[in-house]
Amino acid sequence: MGMTMTQKILAAHAGLSQVEAGQLIEADLDLVLGNDITSPVAIKEMEKMKTEGVFNKDKIALVPDHFVPNKDIKSAEHCKCVREFAYRNQITNYFEVGEMGIEHALLPEKGLTVAGDVIIGADSHTCTYGALGAFSTGVGSTDMAAGMATGKAWFKVPGAIRFNLVGKLSEWVSGKDVILHIIGMIGVDGALYKSMEFVGEGIKNLTMDDRFTIANMAIEAGGKNGIFPVDDLAIAYMKEHSDKPYTIYEADEDAVYDEEYTIDLSVLRPTVAFPHLPENTRIIDEITDDIKIDQVVIGSCTNGRIDDMRIAAKVLKGKHVAKGMRCIVIPATQAIYMQAMEEGLLKIFIEAGAVVSTPTCGPCLGGYMGILAEGERCVSTTNRNFVGRMGHVDSEIYLASPAVAAASAVAGKISCPCRL
């Protein structure tokens, strides 16, 4: 019986020649990730284990990003806990204020994630690194603690769903629209504990930033991970950012898939997920009512990369956000922030009446830098729109691409660039 990409990676890291869906394995880890919310819990669990340090100081990444720069005393204490642990264990990849970024944009940028790796992170959107052909998945803080201590983790080998992507995206349609379309099609539990494997000739028409966005939101369909084959573009990205060796795994021709779908990228339209689930999607052509909004957020681990900044700036250039609108732009890393500055994008944002923040997860999880009050609506390029996710339980979040978010900021209602 053939194996999928994910199954081949897991088999190799478990020292096995073959694995199948449902099998329990123990696999070696190439990287263990934690942030300022999840790491303190893991650190306390490690203390209970009475272990002598970490398994490998070079294979742990600690990225304070959710409440950084610290918003209050509690968040400062969390970051202090992580900082002291990092120094005590001489963690190589600890990224503090000034060199930090949103973890799932920062790690590929720093070259810490490459094809063939097995990566766990105490954050659900760790599945992002599948864009580079790695197996990466979110875990709880206890599993993070065990991973930091032993360099191993237990997995149930996932089954897989195959998404065959064909065609080329139209103008103003991006990876965010692709994954929202898929989640709208299969539902938030449509890929429950399955590997979402994206294949097909259409992949060559997706940028790396598109692929990161698609893999990032695999968890929103219930997926264990999302993964792309490694092509020339992915190899070029890894060579630019990393000196780590990588391994390319390809699915066998007789690999078993639970389901298969074909997605024609050329027919996709800008897509918006309405409250209060990512599966509650509508294409822009179906939105005929004026849905007035109060805030726009452009950023996050899903859509805070340089392509996202460029698209938003293209829409906002020479325009101004609607009166009373709060438009918050958050480049995902310091390097992206610097590049956006050098390209003049930050000037465009500020002249359009937006504010630009230092890298932070901030508003995505209702942390800070954009909390919603009762009855307020936000169009956001983030990944979740659950009840109360960004503030008051009676607020509303509409998930969209940077193009739709920027156009909505100008219009003061849900819109797209083609309507401006």
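Here are some notes:
- Ordering 285-293, 137-145 by mean Cβ neighbour count within 10 Å, with the highest value first, yields 137-145, 285-293.
- Here's how it looks for residue 297: its modeled amide H is under 5 Å from those of 328, 379, 380, 381, which are all 5 or more places away or on a different chain.
- Whole-Hz Karplus values for region 232-242 come out as 4, 5, 5, 5, 4, 4, 5, 5, 6, 9, 9 Hz, taken residue by residue from phi with 6.51 cos²θ - 1.76 cosθ + 1.60 and θ = phi - 60°; glycine and proline positions read x.
- Amide H contacts under 5 Å for residue 371: none, restricted to partners 5 or more places along the chain or on a different chain, H placed in the peptide plane at 1.01 Å from N.
- Helical contribution to [θ] at 222 nm, DSSP H n ≥ 4, -39,500 (n - 2.57), averaged over the chain, rounded to 500: -8500 deg cm²/dmol
- Here region 290-420 has 54 percent of its accessible surface on carbon and sulfur atoms, given a 1.4 Å probe and all protein chains in place.
- Within-15-Å neighbourhood charge of residue 384 [Cβ basis; K, R +1; D, E -1]: -3
- Semi-axis lengths, largest first, of the ellipsoid equivalent to the chain are 32, 26, 19 Å, with √(5λ) applied to each eigenvalue of the Cα gyration tensor.
- Ligands, DNA and RNA are left out, and with a 1.4 angstrom probe the accessible area of the chain is 38 Å² per residue.
- Cα Rg over Rh - region 162-285, Kirkwood: 0.97
- Value of relative contact order over region 135-248, rounded to a whole percent, pairs C-alpha under 8 Å and six or more apart: 29 percent
- Restraint check, 292/319; 48/194; 323/347, Cα-Cα greater than 21 Å: 48/194
- Gyration tensor verdict on region 1-146 (Cα atoms; rounded if a/c is under 1.5, prolate if a/b is larger than b/c, oblate otherwise): prolate
- Cross-link check: pairs 57/80; 80/224; 44/80; 59/239; 156/239 evaluated at a Cα-Cα cut-off of 22 Å; pairs beyond the cut-off: 80/224; 156/239.
- Ranked by the mean number of other Cβ atoms within 10 Å per residue, highest first, peptides 5-13, 388-396, 255-263 order as 5-13, 388-396, 255-263.
- Relative contact order (percent, whole number), region 45-141, Cα cutoff 8 Å, 6+ residue spacing: 22 percent
- The Cα center of region 1-71 and the Cα center of region 206-276 differ in position by 20 Å.
- Eigenvalues of the alpha-carbon gyration tensor of region 47-110, scaled by 5 and square-rooted, set the equivalent ellipsoid semi-axes at 20, 17, 8 angstrom, largest first.
- Each peptide among 318-329, 186-197 gets the average number of other Cβ atoms lying within 10 Å of its residues, and from highest to lowest they stand as 186-197, 318-329.
The values are calculated or read from the model by the stated rules, or taken from the named source; none is laboratory data. Values in this document were obtained by computation on a predicted structure and should not be read as measured data. Glycine also receives a Cβ, built like all others from the backbone with ideal geometry; neighbour counts cover every protein chain displayed. Remember, those area values only see protein heavy atoms, side chains included, never the ligands or the DNA or RNA. Shrake-Rupley method; radii C 1.70, N 1.55, O 1.52, S 1.80 Å.
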